[in-house]
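In what follows, a structure is listed as C-alpha cells, so that the remarks can point back to it.
What follows is calculated from the coordinates using simple rules that are stated; it is not laboratory data. Worth saying up front: this structure is predicted, and the values here are computed from it rather than measured. Cβ: placed from backbone, ideal geometry, glycine included. Neighbour counts: every protein chain shown.
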Number of protein chains: 2
Amino acid sequence: MCQADVQQIEPRSGVAFTLDRGQRLTVIDPRGEQVADLVAYNRHDIGEVISSGRTLDYASRIYLTTGDPLYSNRSNVLLRIVEDTVGRHDFLLTPCSADTFRIIYGDTNPHRGCFGNLAAALAPYGIAPDAIPVAFNCFMNVPIDGKTGALTVEPPLSRAGDRIVFVAETDLIIGLTACSALQSNNGSFKPIHYRVET
Amino acid sequence: MCQADVQQIEPRSGVAFTLDRGQRLTVIDPRGEQVADLVAYNRHDIGEVISSGRTLDYASRIYLTTGDPLYSNRSNVLLRIVEDTVGRHDFLLTPCSADTFRIIYGDTNPHRGCFGNLAAALAPYGIAPDAIPVAFNCFMNVPIDGKTGALTVEPPLSRAGDRIVFVAETDLIIGLTACSALQSNNGSFKPIHYRVET
C-alpha cells in the first residue's frame with residue numbers, strides 16, 4: 001500500500017479531487033466533533049452521483065457504517081465503507097448553504113456553506129450546483145424520534161483522530177468539506193483531514 | 001373554484017402533467033393502502049426540483065403533513081401541503097425501479113417500477129431519468145427505529161377515499177404514479193386518483 005500524505009481542509013471550506021477505482025479515502029476528524037460532507041460522482045459520466053434514497057432503501061437503515069455500500073442514482077455501488085471508528089453519520093440532509101443559514105439561523109449576510117464550497121470545488125469538473133445531492137455527512141449526528149419523525153442536529157460523536165474509510169468501486173470525483181454550520185459541529189469550526197491511498 | 005374531473009392512474013403506471021401556480025392538486029387513494037410517488041419540477045427551469053434533503057432540514061421532521069412546504073434544491077417552495085387525511089407519507093426513498101426489484105426482491109425479469117413509469121411520463125418535458133430525485137411518496141408508511149436507524153416498509157395507513165392536497169407555489173411539471181412495489185402497497189396493485197383545481 002502506498003501511503004500518501006494527510007491533506008488538510010481548512011475550517012468552513014471544501015475541496016474536490018479524483019479517486020481511482022480501488023483507492024481508499026480516509027476522512028479524519030483531527031480535533032473531534034467536526035462534520036465533513038462527502039459527495040461522489042462517476043468520473044466518466046457525471047450524471048451518476050451518490051443517492052441517499054437508493055442507498056437507504058437497499059440498506060433498510062438510515063445509519064450506515066462498516067460494510068455498507070453507497071449506491072448511485074443508477075443503483076451502482078460508487079463507494080463502500082470499510083472502516084468506521086464512530087458509527088454515526090447522516091445521509092438525510094443536504095449540505096448547508098447560504099439559504100440554510102438564512103432560513104434556519106436567520107443570518108442576513110450568510111456564509112456560502114458546504115453547498116457553496118462544494119459548488120466552487122466541483123465547478124472545474126463541470127459539475128453544476130443543481131447536481132449536488134444529499135451528501136453523506138461524515139460524523140454528523142442526526143437522531144430521529146421514531147414516533148414523531150422529529151429530527152435534531154446534535155454534537156458529533158467523533159473524538160479527535162476518529163475516522164471513516166471508503167473504497168472506490170469505480171473511478172470517481174469526490175467533493176469533501178469541513179462543515180460550515182455551527183449546530184452540526186457543536187458550535188465551532190474545525191478542520192478536516194483526509195488521505196488517499198492506493 | 002373550478003372543480004375538474006377526477007383522473008385515474010392505472011395500477012403500476014404513472015403520468016405527468018402541468019400545474020399552474022395557485023392550482024390545487026388532490027391525490028386520492030380510492031381503495032386504500034396504495035402509494036403514489038410524486039415529483040415536481042419548476043416548469044420554467046427543470047433543473048429545479050423538489051429536494052428531500054432541503055425540505056427535511058428546514059422542517060426538522062421526516063414526516064410531513066398539512067402546512068408543510070416542499071422545498072426545491074434551490075431552497076424555494078414548490079408545493080405546500082394544505083390538507084391531509086392520513087398524516088403518514090415518506091420522503092426518504094427513491095421511486096421503485098427495475099434495480100429495486102432485482103436487488104430487494106430478487107426478480108429476474110423486473111417491472112420498470114415507478115422510476116421507469118416516471119421516466120417515460122416526464123420524457124416529453126425534457127426531463128432525463130437521472131433528474132428523478134427522492135420522491136414525495138404519498139401514503140407510504142416507513143417507520144424508523146430511532147435507536148438503530150432501521151427502516152421498514154409497512155402497509156399504508158390510508159383507507160379508501162383518503163387524500164392529500166397540495167397547492168403549487170410556482171408553475172410546475174408534476175410526475176405522479178400508482179406505485180409498483182408489492183411491499184409498499186400491502187401486497188396488491190391498485191389505482192390512484194387525482195384532481196387538479198383552479
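List the residues of the range B:69-93 whose backbone N lies under 14 Å from a point placed 7 Å from the Cα of residue B:21 along the Cα-to-Cβ direction.
The answer is B:76-79.
Treat every Asp and Glu Cβ in the protein assembly as shown as -1 and every Lys and Arg Cβ as +1, leave all other atoms uncharged, and give the resulting dipole magnitude about the Cα centre to the nearest 20 debye.
In total the dipole reaches around 220 debye.
Can you give the relative contact order of the range A:108-160 as a percent, counting alpha carbon pairs under 8 Å and 6+ residues apart?
Computed over the range A:108-160, the figure is 22 percent.
Can you pull the mean other chain C-beta count within 10 Å for peptide B:93-100?
5
7 Å along Cα→Cβ for the label point: how many nanometres lie between residue B:47 and each equivalent label in the other copies, listed shortest first?
So the distances to the same position in the other copies read 1.6 nm.
Residues of the range A:56-86 with amide nitrogen under 14 Å from the 7 Å Cα-to-Cβ point of residue B:152?
A:60-61
How far is residue A:187 from itself in the other copies, in nm, if each label sits 7 Å out from Cα along the Cα-Cβ line, shortest first?
Spacings between copies for this position, smallest first, are 5.4 nm.
How far apart, in nm, are two points set 7 Å out from the Cα along the Cα-to-Cβ line at residue B:182 and at residue A:76?
In this crude spin-label approximation the distance works out to 3.0 nm.
Give me the lysines in straight-line cross-link reach of residue A:147: C-alpha distance below 26 Å, same-chain residues under 8 apart excluded.
B:147
Which of B:164, B:173, B:46 ends up with the largest GNM mean-square fluctuation for chain B, with Cα atoms connected below 10 Å?
Of B:164, B:173, B:46, the Gaussian network model singles out B:46 as fluctuating most.
Nearest to the axis that maps chain A onto chain B: list the chain A residue whose Cβ wins, with the distance in whole angstrom.
With distances in whole Å, chain A gives A:146, 2.
Just to be sure I understand: with springs between alpha-carbon atoms less than 10 Å apart, which residue in A:42, A:109, A:137 has the highest mean-square fluctuation in the Gaussian network model of chain A?
Judging by the Gaussian network model, the answer is A:109.
Would you mind listing the distances between the residue B:7 label point and the same position in each other copy? Use 7 Å along Cα-to-C-beta, nm, one decimal, shortest first.
Result for residue B:7, in nm, nearest copy first: 4.8.
What do you get for Rg/Rh over chain B if you use C-alpha atoms and the Kirkwood form of Rh?
0.93
With +1 assigned to the C-beta of every Lys and Arg and -1 to the C-beta of every Asp and Glu, and no other charges, what is the dipole magnitude of the range A:138-195 about the Cα centre in debye, to the nearest 20?
Here the range A:138-195 has a charge dipole of around 220 debye.
Connecting C-alpha atoms closer than 10 Å in a GNM of chain A, tell me which of A:121, A:150, A:98 has the biggest fluctuation.
Comparing A:121, A:150, A:98 in the GNM, the peak value goes to A:150.
Provide a whole-number value for the mean count of partner chain Cβ atoms within 10 Å of the Cβ atoms in peptide A:45-57.
The per-residue average across the peptide is 5.
Using a 10 Å cut-off around each Cβ, can you sort A:66, B:177 from fewest to most neighbouring Cβ atoms?
A:66, B:177
Between the range B:22-78 and the range A:106-139, what is the C-alpha centre distance in whole Å?
Cα centroid of the range B:22-78 versus Cα centroid of the range A:106-139: 22 Å apart.
Let me check I've understood the local charge: for residue A:191, count other residues with C-beta under 11 angstrom from its C-beta, Lys and Arg +1, Asp and Glu -1. What total comes out?
Neighbourhood net charge equals +1.
Compute, for the range B:7-197, the length of the dipole vector about the Cα centre, with Cβ point charges of +1 (Lys, Arg) and -1 (Asp, Glu) only. Units Debye, rounded to 20.
160
Computed over the Cα atoms of the protein assembly as shown, what is the convex hull's projected area averaged over all directions, in nm²?
In nm², the orientation-averaged hull projection of the protein assembly as shown is 18.4.
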